[in-house]
Amino acid sequence: MINKKAKLILEDGSIYEAYSFGYEKSSAGEIVFNTSMTGYNESLTDPSYKGQILVCTYPLIGNYGIPPITSNKKKLKRFFESNNIHVSGLIISYYSDNAFHWNMYKKLSYFLKINNTVGISGIDTRSLTKKLRDKGTMLGKIIISDNVKFYNPDKYNLVYKVSIRKKKIYGNGKYKILLIDCGVKNNIIRCFLERNCTVIRVPWNYNFLNEEYDGLFISNGPGNPKEYKTTINNISKVLICNKPIFGICLGNQLLGLAAGFDTHKLKYGHRSNNQPVILSGTNRCFITSQNHGYVIDSNKIPNGWKIWFKNLNDNTCEGLINFEKSFISVQFHPEASSGPTDTQFIFDVFLKFIKCKKKK
Ligand SMILES: NC(=O)CC[C@H](N)C(=O)O
């Protein structure tokens, strides 16, 4: 089969020639790169990538296909991070059509096609990444048929596209976690279910002030954290309570904004499975999975709060803690999926806080 020709056009005017191997349509978004060697299925279905076109620096993609797509709508998909693909496109170097894996169901190009997602190959993604590292993340568009306009996801509130619409309950564990869903990854829910929790998943703008729960969780999600005014406002109202709060990635940013921290955008973000973070006050380093473009400013720290972790590559804030109040959050992904599970103990820290409060 001869694949259709495609073009990647960046906002600085550079043009790259490529071939389509996914759904054939033009698409625009913010071009971001991920340096992981594995995990394309988890990344494609991570809702935090909404509005972004993903570049994989690892040169060979597709070689293990995609795992089975379980179809029971009531259950979480077993092998994916949400029900469908969220990236606006996938840019790779070499597409391996000759895929094999013990758990393979279909090829990657099939998965892109049934999700109406464009995928292009034949681009030197490492040189493209060098450009994005030098100049910073850029807008870009993939042209296959018609021309399309550049699209800047930071200017929109994308959460309504990825958050659940109605409250939903998972599991029947002892500890009740109220989960604010801004585009949660399935593995976060799985991590709670494995720890004797009931997860009450509510929409991003849900007024949870009268809900009964033992701990509040704020999820990951797409776009600029400052677009989440309703969520930030709701969180700020529960900061006077003493119920434990835990945030991951966007959740870290939203908790920070509610507590009086500020956020800014990084030049090209952290997206990979090998980001080193250091636990403040120790020499202990952890290798973490990450996917974010924004960070908390470390220069203005409200009373009672501390920077919990720092990134060892660029020294940026990787987590917050208010020990007195049992509020914790991390910029990285302790649930991993894909990536190292070394920091999954953070879920246990949160549950320890919950157990302590319940005893009192
Ligand atoms: N994974 C996330 O939650 C990402 C948070 C936010 N959208 C950022 O890019 O920084």
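The values are calculated or read from the model by the stated rules, or taken from the named source; none is laboratory data. Because the structure is predicted, anything quoted here is derived from the model rather than measured. Don't worry about glycine lacking a Cβ; one is built from the backbone with ideal geometry, like all the others, and counts go over all protein chains shown.
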Can you go through 208, 217 and tell me which one is surrounded by 15 or more Cβ atoms within 10 Å (Cβ to Cβ) and assigned to a loop (DSSP other than H, G, I, E, B)? 208
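Conditions tested, residue by residue: (1) more than 15 Å from residue 300 (Cβ to Cβ); (2) acidic (Asp, Glu); (3) within 12 Å of the ligand (Cβ to nearest atom).
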| residue | (1), (2), (3) |
| --- | --- |
| 230 | yes, no, no |
| 239 | yes, no, no |
| 246 | yes, no, no |
| 254 | yes, no, yes |
| 263 | no, no, yes |
| 266 | yes, no, yes |
Could you list all residues from segment 137-153 that are modelled with pLDDT of 95 or more, outside any strand (DSSP E or B) and of a type outside the set (D, E, K, R)? 144, 147, 148, 150, 151, 152, 153
For residue 156, indicate whether it is among the hydroxyl-bearing types (Ser, Thr, Tyr) and modelled with pLDDT of 95 or more. no
For residue 302, all conditions in the list (1) more than 16 Å from the ligand (Cβ to nearest atom); (2) in contact with a Phe, Trp or Tyr (Cβ under 7 Å, 6 or more places away or on another chain); (3) within 15 Å of residue 259 (Cβ to Cβ); (4) assigned to a strand (DSSP E or B) hold save one; what is the number of the exception? (4)
Flagged in segment 241-270 as buried (at least 24 other Cβ atoms within 10 Å of the Cβ) and closer than 13 Å to residue 326 by Cα, in numbering order, are 244, 245, 246, 247, 255
What about residue 252, is it part of a loop (DSSP other than H, G, I, E, B) and either over 19 Å from residue 37 (Cα atoms) or touching a Pro at 6+ places or on another chain (Cβ under 6 Å) (or both)? no
Filter segment 116-141 down to residues that are in contact with a helix residue (DSSP H, G or I) (Cβ under 6 Å, 6 or more places away or on another chain) and either hydrophobic (A, V, I, L, M, F, W, C) or over 21 Å from residue 50 (Cα atoms) (or both), then give me how many there are. 0
Show the residue pairs meeting these rules: Cβ distance below 8 Å; 6+ apart or different chains; first residue within segment 219-230 and closer than 14 Å to residue 264 by Cβ; second residue near the ligand (Cβ under 7 Å from one of its atoms). 224/294; 225/250; 225/253; 225/294
How many residues of segment 273-301 are in contact with a strand residue (DSSP E or B) (Cβ under 9 Å, 6 or more places away or on another chain) and surrounded by fewer than 19 Cβ atoms within 10 Å (Cβ to Cβ)? The answer is 12
Could you check, for segment 276-285, whether at least one of its residues is assigned by TED's automatic domain parsing to the domain that holds residue 344, within 16 Å of the ligand (Cβ to nearest atom) and part of a loop (DSSP other than H, G, I, E, B)? no
Criterion (in a loop (DSSP other than H, G, I, E, B) and more than 22 Å from residue 42 (Cα to Cα)) met by exactly one of 352, 358, 325: 325
Is it the case, given these coordinates, that residue 290 is touching a Lys or Arg at 6+ places or on another chain (Cβ under 8 Å), among the polar types (S, T, N, Q) and within 12 Å of the ligand (Cβ to nearest atom)? yes
Residue in segment 314-321 that is assigned to a loop (DSSP other than H, G, I, E, B), within 16 Å of the ligand (Cβ to nearest atom) and at pLDDT 95 or above present: yes
If the requirement is being within 16 Å of the ligand (Cβ to nearest atom), of a type outside the set (S, T, N, Q) and farther than 19 Å from residue 205 by Cα, which of these qualifies: 180, 188? 188
